[in-house]
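These notes are about the structure you will find just below.
The values are calculated or read from the model by the stated rules, or taken from the named source; none is laboratory data. Every value quoted in this text rests on a predicted model; they were computed, and no experiment measured them. Here the Cβ positions follow ideal geometry from the backbone for every residue, glycine too, while neighbour counts run over all protein chains shown.
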Amino acid sequence: MTTRVSDAVSQIAESATLAVDAKAKALRAAGENVVGFGAGEPDFATPDHIVAAAIAACSDAKNHRYSPAGGLPELKAALADKTRRDSGLDLEPARFLVTNGGKQAVYNTMAALVDPGDEVLLPAPYWTTYPEPVRMFGGVPVEVFAGADQGFRVTVEQLEAARTERTKALIFVSPSNPTGAVYSREEIEAVGRWAVEQDIWVITDEIYEHLVYDGVEHHSLPVLVPEIADRCVVLNGVAKTYAMTGWRVGWMAGPMDLIKAATNMQSHATSNVCNVAQAAALAAVSGTLDDVATMRSAFDERRVTIQKMLDDIDGVECLMPEGAFYAFPSLQGLIGRELGGRTMTSTLDIADVVLEQAKVAFVPGEAFGAPGYARFSFALGIDDLTDGIGRIADFVGT
């Protein structure tokens with residue numbers, strides 16, 4: 001008997017972060033007072049000048065028609081300028097592909113790179129989306145775990161131990177979702193040199209490049225190790241920097257042959273990204289970084305607050321995140337304890353009982369390849385943040 005759903009698609013898991021966010025929203029719609037730490041979504045409105053550009057684009061008839069599948073030429077030129085300005089990476093506009101959000105950039109990259117049996121090194125904890133397209137295209141995600149004792153940063157020695165003759169690529173993320181870890185210049189250089197020596201592709205996600213704190217700096221891997229340029233794909237998007245999660249504009253940048261192949265695929269999958277959204281993205285990346293500076297200041301206050309509040313809970317240990325807008329505490333001290341009349345056997349249990357009884361939603365670490373940990377987004381208002389963590393503290397009993 002044939003199955004109704006293909007093997008490639010049936011093995012894909014639901015996005016855990018979106019599932020938690022949807023559950024929290026459903027409970028709120030039912031009248032429950034739920035605080036949600038699930039989705040990585042800034043609570044700020046998209047800046048006014050970006051919205052104004054979109055409104056103007058709606059009235060321009062040229063935006064009512066198909067446009068090039070790979071992105072508006074003026075946006076690709078602006079992305080090249082923005083990338084040169086922000087990270088020092090100098091790429092011509094033709095080496096950019098505009099995608100329907102950062103997730104399509106991930107899928108396009110895996111589709112263009114991964115053949116059945118190829119192994120892709122995946123440092124864990126990882127963003128929930130990364131392993132799914134690897135599997136979908138027949139590849140094998142190989143997890144390389146680095147816990148809090150390593151600052152959630154994998155070493156070259158770990159990567160080399162995980163490498164085999166089937167290793168095709170490494171997914172490298174700094175600043176990190178879900179941990180907030182930021183690799184140092186020296187660490188990035190070491191990883192890049194190793195990848196060059198082993199002839200391995202690097203897929204580097206830089207979507208949180210502007211969200212770093214305490215003087216920590218973001219460094220782009222292909223800038224520090226230019227020899228990798230011909231085997232490196234850079235992923236990015238407007239969602240986090242400009243509070244544009246719903247606009248769905250991302251991009252990938254890399255070698256011409258890979259970008260051409262991915263563009264061909266996108267021409268059949270989705271064609272062009274919405275022209276109005278592209279006009280908004282053009283206004284975003286062409287403007288100043290003043291708005292992100294304002295948002296980063298608010299995130300910084302929340303970062304310090306959530307880390308201290310979590311770390312003060314008995315049984316919880318939380319490193320100070322250096323980037324992005326996530327705290328990633330260890331809840332291992334709560335496993336084995338009785339909470340809400342149940343004995344906790346995993347962070348899945350803890351997340352379930354906390355949502356059910358304290359009305360606080362967070363994503364358990366199992367979703368990120370890190371059982372015993374949990375992800376808390378601090379991209380929500382400070383009042384909701386302190387209320388939510390306070391509820392957990394009261395529920396656990398500090």
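Do we have E92 as without any contact (Cβ under 8 Å) to a residue 40 or more places away in the chain and of a type in the set (D, E) here? Taking the combined requirement at face value, the residue satisfies it. Go through the range 236-250 and give me each residue that's surrounded by fewer than 24 Cβ atoms within 10 Å (Cβ to Cβ) and in contact with an Asp or Glu (Cβ under 6 Å, 6 or more places away or on another chain). Matches in the range 236-250: T245 only.
Considering every residue within the range 197-205, establish whether at least one is in contact with a strand residue (DSSP E or B) (Cβ under 8 Å, 6 or more places away or on another chain), crowded, with 20+ Cβ neighbours inside 10 Å and of a type in the set (D, E, K, R). Checked against the condition, which is being in contact with a strand residue (DSSP E or B) (Cβ under 8 Å, 6 or more places away or on another chain), crowded, with 20+ Cβ neighbours inside 10 Å and of a type in the set (D, E, K, R), the range 197-205 yields at least one hit. Taken over the range 25-76, the criterion of being modelled with pLDDT of 95 or more, assigned to a loop (DSSP other than H, G, I, E, B) and crowded, with 18+ Cβ neighbours inside 10 Å is satisfied by T46, P47, S67, A69, G70, G71, L72. Does any residue of the range 137-159 turn out to be free of Cβ contacts under 8 Å to residues at least 60 places away in the same chain, surrounded by 20 or more Cβ atoms within 10 Å (Cβ to Cβ), on the phi < 0 side of the Ramachandran plot and among the small types (G, A, S)? Yes, the range 137-159 has at least one match. Counting only residues that are among the aliphatic types (A, V, I, L, M) and within 18 Å of F368 (Cβ to Cβ), the range 129-164 holds 7 of them. Of the residues V212, V249, the single one that is assigned by TED's automatic domain parsing to the domain that holds P123, out of contact with any His (no Cβ under 9 Å at 6 or more places or on another chain) and either closer than 18 Å to P123 by Cα or hydrophobic (A, V, I, L, M, F, W, C) (or both) is V249.
Pairs linking a residue in the range 178-197 that is outside the structural domain of F145 (by TED's automatic domain parsing) to a residue that is surrounded by fewer than 24 Cβ atoms within 10 Å (Cβ to Cβ) and assigned to a loop (DSSP other than H, G, I, E, B), with Cβ atoms under 9 Å and 6 or more positions apart or on different chains, do not occur.
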